[in-house]
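The values are calculated or read from the model by the stated rules, or taken from the named source; none is laboratory data. A quick note: this is a predicted structure, and the numbers were derived from the prediction, not measured. Every residue, glycine among them, receives a Cβ derived from its backbone with ideal geometry; neighbour counts consider all protein chains shown. Ligands, DNA and RNA are excluded from the accessible area calculation, which covers all protein heavy atoms including side chains. Shrake-Rupley method; radii C 1.70, N 1.55, O 1.52, S 1.80 Å.
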Amino acid sequence: MTFRIGLGFDAHEFEEGKPLYLGGILIKHHEGLKGHSDGDVLLHAITDALLSAIGEPDIGELFSDKDVRWKNASSEIFLKEALRRTREKGYSIVNLDCVLVLDSPKISPLKSAIVENLSKIMQVDKSCISIKGKTREGFCKEKGVVCYCVILLSHEG
Ligand SMILES: [Zn+2]
């Protein structure tokens, strides 16, 4: 059995009046995340973690923000392509651990819906997915959301 680890990072600024998507879920909030696609910072970080674990080009190279096909696109498309490449290379997901850095909205009441949705998209058990929200503790002014994610993959043989 061999293992590969992948680290993903992403950050998006808030924009007034945009819908907020986190982990593929539409969240009631007065502002959303700026971006060429739907701005789903969590799905972007997971996509990049998967792609780097399997040695593929990163999300910006595969889905350029200059490409009109990805304008306002659902980020599930990016994650599903990364998952397809992961499985094509014979890897399975062992676990996924994500940290969202933001002051609002609070992540704890949204956590189970996000984990449920990620489990459905990624076809992994909910017990293998961890999401936590962390605030900035007031040390810098909030302008957006930052996300870190690590993923562990295994391969038979
Ligand atoms: Zn992004």
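Please indicate, with yes or no, whether at least one residue in the stretch 52-74 is of a type in the set (Ser, Thr, Tyr), within 18 Å of Tyr21 (Cβ to Cβ) and open to solvent by 40 Å² or more (accessible area, probe 1.4 Å).
Initially, the stretch 52-74 is screened for residues of a type in the set (Ser, Thr, Tyr), giving 52, 64, 74.
Checking the rest, the ones that are also within 18 Å of Tyr21 (Cβ to Cβ) come to 74.
Checking the rest, the ones that are also open to solvent by 40 Å² or more (accessible area, probe 1.4 Å) come to 74.
Yes, there is a match, as at least one residue in the stretch 52-74 is of a type in the set (Ser, Thr, Tyr), within 18 Å of Tyr21 (Cβ to Cβ) and open to solvent by 40 Å² or more (accessible area, probe 1.4 Å).
Gly8: touching a Phe, Trp or Tyr at 6+ places or on another chain (Cβ under 9 Å), assigned to a loop (DSSP other than H, G, I, E, B), open to solvent by less than 60 Å² (accessible area, probe 1.4 Å) and modelled with pLDDT of 95 or more, yes or no?
Here the answer is no, as Gly8 does not meet what is asked.
What is the number of the single condition among (1) within 16 Å of the ligand (Cβ to nearest atom); (2) in contact with a helix residue (DSSP H, G or I) (Cβ under 9 Å, 6 or more places away or on another chain) that Ile93 does not meet?
Tallying (1) within 16 Å of the ligand (Cβ to nearest atom); (2) in contact with a helix residue (DSSP H, G or I) (Cβ under 9 Å, 6 or more places away or on another chain), Ile93 fails exactly one: (1).
Please name all residue pairs, on different chains or six or more residues apart, with Cβ atoms under 6 Å, provided the first residue is in the stretch 84-107 and is within 15 Å of Ser127 (Cα to Cα) and the second residue is open to solvent by 30 Å² or more (accessible area, probe 1.4 Å).
Going by the 6 Å Cβ cut-off, the qualifying pairs are Val94/Leu152; Asn95/Cys128; Asn95/Leu152; Asp97/Ser130; Asp97/Val150.
Considering each of Asp38, Asp65 in turn, give the residue that is under 21 Å from Glu116 (Cβ atoms) and either assigned to a loop (DSSP other than H, G, I, E, B) or over 17 Å from the mean Cα position of the chain (by Cα) (or both).
Asp38
In the stretch 19-35, what count of residues is obtained for those that are in contact (Cβ under 8 Å) with a residue 12 or more places away in the chain and part of a strand (DSSP E or B)?
The qualifying residues number 8.
Which numbered condition in (1) in a helix (DSSP H, G or I); (2) without any contact (Cβ under 8 Å) to a residue 40 or more places away in the chain; (3) not hydroxyl-bearing (Ser, Thr, Tyr) is the only one that Ala45 fails?
(2)
Here are the criteria: (1) open to solvent by 50 Å² or more (accessible area, probe 1.4 Å); (2) modelled with pLDDT of 95 or more. Tell me which single one Ile93 does not satisfy.
(1)
Given the structure, is Gly138 open to solvent by 30 Å² or more (accessible area, probe 1.4 Å) and under 14 Å from the mean Cα position of the chain (by Cα)?
Judged against the criteria, Gly138 is not a match.
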